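Notes for the one structure printed next.
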């Protein structure tokens, strides 16, 4: 007998990227925006700087004519391109909001906020808050800030 599973595959952040969790022989699922947010911020191409004409954007974008449905992951790019210093946190926050703007344009959520901080040397914490149908979800992603100083 198989158990029906519903939801998105839950991707958890690890030191070397996203990973799935297996519990009792089943992949863990989620009914939240966490996986969508993770993929939006960190699931694209490192070389994608967010420009629409960038030929090094994620390959899946080339078959998607609606720019609102294209995955950009500008946040991921900035953590490689910008120096890790407090003055760049605002740019990371703005990129995260742009990467997640699709939840607004697709009417899946009513608001998205992003707050970035530096909890350690060459580390960034990005806290995402998404409000949908009156419910607020908040989750944090901790990433290495890989750009050289």
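Here, each number is a calculation from the coordinates, and none is a lab measurement. The shown structure was predicted, so the numbers you read here are calculated from the model rather than taken from an experiment. All Cβ positions, even for glycine, are placed from backbone atoms using ideal geometry, and neighbour counts span all protein chains on display.
List of remarks:
- Distance between the modelled labels on residue 94 and residue 64, one decimal in nanometres: 2.3 nm (7 Å Cα→Cβ projection).
- Likely footprinting exposure, 133, 98, fewest C-beta neighbours within 10 Å first: 133, 98
- FRET efficiency for the pair residue 122 and residue 32, taken as 1/(1 + (r/R0)^6) with r the Cβ-Cβ distance and R0 = 35 Å, rounds to 0.80.
- As a rough footprinting exposure proxy, the listed residues 146, 34 were ranked by other beta carbons within 10 Å of their own, and the order from fewest upward is 146, 34.
- Ranking of 111, 73, 40, 117 by neighbouring Cβ atoms within 10 Å, starting from the fewest: 111, 117, 73, 40.
- The length gained by stretching the chain between residue 146 and residue 22 to full extension, at 0.36 nm per residue less their Cα-Cα distance, is 41.7 nm.
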